[in-house]
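What follows draws every value from the coordinates through simple rules; no lab data is involved. A quick note: this is a predicted structure, and the numbers were derived from the prediction, not measured. A quick note on method: Cβ atoms are made from the backbone with ideal geometry, for glycine too, and the neighbour counts reach across all protein chains shown.
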Amino acid sequence: MATESSASKPFVSCRGLVKRYGDRTVVDGVSFEIGVGETYGLLGPNGAGKTTTIAMVCGLLRPDDGEVLVAGHRMSVNALDLKGLIGLVPQDVALYPDLTGRENLRFFGRLHGIPKKRLDERIDEVLGVIGLTERADEPVDSYSGGMKRRCNIGVGLLHEPQLLILDEPTVGVDPQSRVAILEAIEALGGEGISILYTTHYMEEAERLCDRIGILDEGRMIAEGTRRELVERIGEHTRVKIEADGEGFEEFLGTCRALPFVVGESIGKGVVELLVIDARESLAPIVEAADHHGLHVGSVEVIEPDLESVFLHLTGKALRD
């Protein structure tokens with residue numbers, strides 16, 4: 001985690017980033033900073049612009065407007081020295097399946113120009129960090145999805161980057177592997193590496209990140225620590241209702257008119273409401289569901305969290 005003094009000296013500064021594809025603007029004026037040793041999370045649903053933003057941060061895409069500064073220098077697609085300070089772990093696994101984990105690490109280490117003696121030492125260090133020492137000499141094709149993800153992270157760590165960028169590294173992995181990945185990232189955050197972490201899992205952002213930026217439809221709609229973001233909605237609580245029936249839209253319309261409902265979203269068989277006082281609101285909400293012919297299966301009361309923040313700011317659930 002970053003200290004107050006390190007966070008005051010940003011390692012990365014993004015200023016007004018814009019990226020367009022034809023008439024579509026996928027990143028629209030995004031600005032944020034990452035301090036030395038800080039773990040910064042970009043939180044948002046699929047399609048929010050997270051991957052495009054990190055592609056501009058690491059110089060793979062040229063912004064249409066704005067700039068990225070890394071270690072005080074302007075990033076560009078030709079800034080090879082700056083790119084050498086960054087370890088990128090892409091959303092898709094980028095490994096050679098017929099090679100072993102160790103062979104993959106050695107191959108990518110050579111591409112980075114790491115001297116052989118140091119590379120052998122570094123491979124052993126990285127295998128320990130990602131928890132693959134015992135499986136290092138088996139083909140990657142025999143790995144589980146989570147093990148492949150961890151090996152992918154190892155490739156990004158080999159050259160000892162000062163900034164590690166992780167683009168949704170836990171998507172599609174089993175719960176056990178997900179825990180192992182999060183534990184490895186937590187350990188890295190304590191070693192002084194700056195980390196840019198993108199996810200649409202709010203619990204990961206809450207666990208790992210010093211500060212969080214919330215992206216929606218290409219715009220940065222909120223930024224701060226978890227506490228600062230939750231304070232933006234006061235102490236509002238989410239009420240999640242699962243039900244069957246045809247009257248969902250009518251039920252939602254009735255809920256909107258209730259004075260204690262300040263946000264709402266609807267999914268398949270699920271309505272989520274952001275309310276001021278759950279104790280006072282539950283009875284009239286359930287009565288409204290019954291009035292509109294809904295058969296309520298469950299009602300869950302969820303205390304304020306980043307999901308509530310996103311619902312409050314956008315009117316939709318984080319994973320919509």
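Structure notes:
- Calculated FRET value between residue 116 and residue 26, using beta carbons and R₀ = 56 Å, to 0.05: 0.85
- Sites residue 249 and residue 62 - FRET efficiency at Förster radius 45 Å, r taken between beta-carbons, to 0.05: 0.50
- Among beta bridges from DSSP that stay inside segment 235-303, the antiparallel ones total about 100%.
- The base-10 log of I(q)/I(0) for the chain, evaluated at q = 0.12 Å⁻¹, reads -0.87 [Debye formula, identical scatterers on Cα atoms, solvent excluded].
- When 106, 20 are arranged by Cβ crowding within 10 Å, least crowded first, meaning fewest neighbours, the order is 20, 106.
- Cβ-based charge dipole, segment 93-160, positive-most Cα from 133, 100, 157: 157
- Global size of segment 179-260: 17.9, 54 Å for Rg and Dmax (C-alpha atoms, Rg to one decimal, Dmax whole).
- Debye log10 I(q)/I(0) for segment 93-160, one point scatterer per Cα, at q = 0.23, 0.26 Å⁻¹: -0.90, -1.15
- For the chain, share of DSSP beta bridges that run antiparallel, in % to the nearest 5: 70
- Burial ranking of peptide ranges 198-208, 122-132, 59-69 (average Cβ count within 10 Å, highest at the top): 198-208, 122-132, 59-69
- Acute angle (nearest 10 degrees) that the helix 101-111 long axis makes with the longest principal axis of the chain, alpha-carbon atoms: 70
- When the convex hull of its Cα atoms is projected in every direction, mean area for segment 235-303 (nm²): 3.9
- Here the chain is treated with +1 on each Lys and Arg Cβ and -1 on each Asp and Glu Cβ, and its dipole about the Cα centre works out to around 1420 debye.
- Each of 268, 19, 240 was scored by other Cβ atoms within 10 Å of its Cβ. Arranged with the fewest first, they read 268, 240, 19.
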